[in-house]
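K.L.:
The following block contains the structure, expressed as structure tokens.
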Amino acid sequence: MDDIPPYPPIDPTTFDLIVIGTGLPESIIAAASSTASKSVLHLDPYPFYGSHFSSLPLADLPSFLSSHSTSPSPPRSPSSDDPNEFSLLEFATRPLYSSIDISTFSPNLLDQHSRKFNLDVAGPRVFFCADKSIELLLRTGTNQYMEFKSVDATFVGDNKGNLWSVPDSRAAIFKDKSLGLVEKNKLMRFFKLVQGHLAGEQDIKISEEDLQSPFVDFLNKMGLPPKIKSFILYAIAMADYDQEDTGVCRDLLKTKDGIDQLALYNASIGRFQNASGAFLYPIYGQGELSQAFCRRAAVKGCLYVLRMPVTALLVDKDTGCYKGVRLASGQDIFSQKLILDPTFKVTLPSGSSPPLPLKEKLPFFSLKDDKGKIARGICITKTSLKPDISNFLVVYPPRSLFPEQVTSIRLLQIASNLAVCLPGMFVLYISALCNDDDQGKKLIHAVMNTLLTVPLDSESNAAVQSETAENGSAVQDETSESSSGGPSDSGEEKPTLLWSALYSQELTLGQVDFICSTPMPDGKLNYNDLIDTTFKIFQEIYPGEEFFPETSLENPEGDGDASPET
């Protein structure tokens, strides 16, 4: 960021809104504000769109993570002889990534083709075909800037390397050879009850008492066996924590919320003609979503300047009210509102005495606001985990890999037909909520050693092997002893790891005050919660404006049946 290009001065110098960072929440807010006829300046210190929601070439990912892993240096005192009536408060950066571990086992092959990879910083992510992000894309016409392909299947994994197909429809239940007749009948009765409840049929409606009870209790009441219960809770309802252990469960799913998740899943299956499953994935990676909303904002008049760091906040010396920002080019730009990427925070220089209103607000804004951490892993292989399927999701329910595992672990395999890697290669995204870096690595390593062959010629591999041994799960031993002919194709040789990146990411909430900060990527599989948070931030800064009014829908291609599908 030191080599700032010689940009001409930005004109005009006053806007309704300045947005710093082109992550997904910031891009949606910029597009919504531009649609509401606000003048918007959208800045990013990087030469690419997406920030923490971006898809990066293989060579660029490690440097991006490292640049956000160091502790900020204390801000310098603002210049006392500034001729303006403003105080300068310098921006500092939060360390948002930690425990970064990059391992390369095929350097020659990957280094020559680094730019042919598009790796998601915040993977794994998918779109439910009927979720809020798809509805927002269609309603705003932003879908014209993206193309998608279907995720072919969903599996539940175990510590022997088996991948069990999730029976998520009536046809899938009948075809599933791993379920007995009694299990199939119970599952069919359960789905019939849920469908009747959602359709409003009074004779089979779920009671309000049951709706407010824990979902796991309702499933027990329905007499569902443990295997089916696990499929519903963690592979369809997508629960994060062990729902049967209230001592460790931070988010106990109510029956009402579980039914809503089942409804979303059911509505997503077969919604679009070329997508047989419930999920979609964007061609070129998840970073395309942020860029699509930036393009939407630009059409509505938003001004974009990349490679432009913002160095300081301008506040009124007397009142402490926000006035604008100072760019790395030295230019001061003014606005009524400011939206900040979660990378940035504002701290008081030592020895300064700001106006009382500002002194009261800054400590709140500068809080880390942690919700914990999420461990992420990216692996590159030359063979698929399932020989006959390219793009699929795998869920490891709590306790499925080792006894201390209290959260779900999710894995998404994406193939080259989605333009994220070289032909014939596959990218695996793994994530799990965790309390600290050590716990996070333990979770990611358990999956890697269950499914992959990790070469022994890397220093990083020693840590992987030793940590797996400490788990007490004997993942590798169990995998080697698993019988052939199971649902996991365990007779096949495990894919060999070519490259991996493991790291922990802070989970931070968005904040609304005299300036607003957007949230980091959360631990969910889709974007529903992030879109809800973004909507609330927009309502706070523009309470009288509609969030993408229906009249703003544009489809220049004239396709009345808008679809995000390729």
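We did not get these values from a lab; they are worked out from the coordinates using the rules stated. Given the structure is predicted, the values throughout are model-derived calculations rather than measurements. Reconstructed Cβ throughout: ideal geometry from the backbone, glycine too, with neighbour counts over all protein chains shown.
K.L.:
When N counts the residues of region 257-322, how does its alpha-carbon radius of gyration compare numerically with 2.2 N^0.38 Å, as a ratio?
P.N.:
1.95
K.L.:
Okay, next question. Find out how many positive minus negative residues lie around THR14, taking Lys and Arg as positive, Asp and Glu as negative, among other residues whose Cβ is under 11 Å from that of THR14.
P.N.:
Surrounding charge for THR14 is -2.
K.L.:
What number, in percent, do you get for the relative contact order of region 299-339 if the mean sequence gap of Cα pairs under 8 Å and at least 6 apart is divided by its residue count?
P.N.:
Computed value for region 299-339: 29 percent relative contact order.
K.L.:
Going down the table (LYS184/LYS227; LYS132/LYS256; LYS205/LYS256; LYS254/LYS442; LYS38/LYS323), which pairs top 21 Å between alpha carbons?
P.N.:
In this structure, LYS254/LYS442 exceed 21 Å between Cα atoms.
K.L.:
In the structure displayed, which of LYS386/LYS494; LYS186/LYS386; LYS177/LYS386; LYS382/LYS441 lie more than 20 Å apart, Cα to Cα?
P.N.:
Going by Cα-Cα distance, LYS186/LYS386; LYS382/LYS441 fall outside the 20 Å limit.
K.L.:
Please compute one quarter of the surface area of the Cα convex hull for region 407-452 and express it in square nanometres.
P.N.:
Convex hull of Cα atoms, orientation-averaged projection: 3.7 nm².
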